[in-house]
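The values are calculated or read from the model by the stated rules, or taken from the named source; none is laboratory data. Quantities reported herein were computed from a predicted structural model and do not represent experimental measurements. Ideal geometry is used to build each Cβ from the backbone, glycine not excepted, and the neighbour counts take in all protein chains shown. Remember, those area values only see protein heavy atoms, side chains included, never the ligands or the DNA or RNA. Shrake-Rupley method; radii C 1.70, N 1.55, O 1.52, S 1.80 Å.
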Amino acid sequence: MTFNTHSNYQLTTQNDYKRMPWKNWLGETLEIYLSEDESGQRYRISQAAVKDDGVFSNFEGLSRTLVLLSGQGMQLSHKSIKGNVAEHCLKSPLDMARFAGGDETLATLNNGSIEDLNIMVRETDTKANVTACFAPFNWEIKTHKNRLLTAFYANQTCTITVNETENVVLEKNSFLNIKQNGTLCLMEGTGVFIEVLSTKVAE
């Protein structure tokens, strides 16, 4: 079964993503999903191509998870506001790095351009659980009062079985917003499972 709308899902393909310039104007990003409230941006998911070495934009106040999608990888060097230094080495597809958006982060490409997936959430009240998925892979999705988003990004053409009865076929680079509870199994392909949660107790 292939679809764009469903009562329990919302499927977005790469052609529907919003193309936007980077904050530092050194490239562009494809905005996949954005949630804002009265305090501004709460969380954002985007896909980008990095073609040259350089310093990342400053997103102070946000926590970032960066997932390598394609290419030969890159080195990330971070310097925090307090002067602490950390590094990440991303070599293979779905390798990931977690760091503060306010860190001074330098990206050094290993061998040519790469593509990555960025998940950014507001530090004060939101967190993201991000998991690299290689078929076969199972999830049990249950109601959670603090759950803001449950989604899957397909890094290849993927087949997902829902509750052992329904097959969902996803194109490469598509994004599935999952609105139902149940058991999902990634039968073919690779991708990224994303769960965004409020860290404040729901009333």
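Observations, loosely collected:
- Scanning region 136-147 for residues that are surrounded by fewer than 17 Cβ atoms within 10 Å (Cβ to Cβ) and modelled with pLDDT of 90 or more yields Pro136, Asn138, Asn146, Arg147.
- Restricted to region 96-116, and to residues there that are in contact with a strand residue (DSSP E or B) (Cβ under 7 Å, 6 or more places away or on another chain) and surrounded by fewer than 17 Cβ atoms within 10 Å (Cβ to Cβ), the residue that is nearest to Leu62 (Cα to Cα) is Arg98.
- Looking across region 45-95, the residues that are touching a Leu at 6+ places or on another chain (Cβ under 9 Å), assigned to a strand (DSSP E or B) and charged (D, E, K, R) come down to Lys79, Glu87.
- Applying the set (1) loosely packed, with under 13 Cβ neighbours inside 10 Å; (2) modelled with pLDDT under 90; (3) on the phi < 0 side of the Ramachandran plot to Gly83 leaves exactly one unmet item: (3).
- Residue in region 169-181 that is in a strand (DSSP E or B), among the polar types (S, T, N, Q) and open to solvent by less than 20 Å² (accessible area, probe 1.4 Å) present: yes
- Here Thr65 passes the criteria (1) open to solvent by less than 70 Å² (accessible area, probe 1.4 Å); (2) at pLDDT below 90 except the one numbered (2).
- In region 68-80, of all residues being free of Cβ contacts under 8 Å to residues at least 40 places away in the same chain and within 19 Å of the chain's Cα centre (by Cα), the one that is surrounded by the fewest Cβ atoms within 10 Å (Cβ to Cβ) corresponds to Gln75.
- Residue match in region 150-160 (condition: at pLDDT 95 or above, closer than 19 Å to Phe59 by Cα and out of contact with any helix residue (DSSP H, G or I) (no Cβ under 9 Å at 6 or more places or on another chain)): no
- Region 34-49, residues that are over 19 Å from Thr150 (Cβ atoms) and surrounded by 14 or more Cβ atoms within 10 Å (Cβ to Cβ): Gln41, Ala48, Ala49
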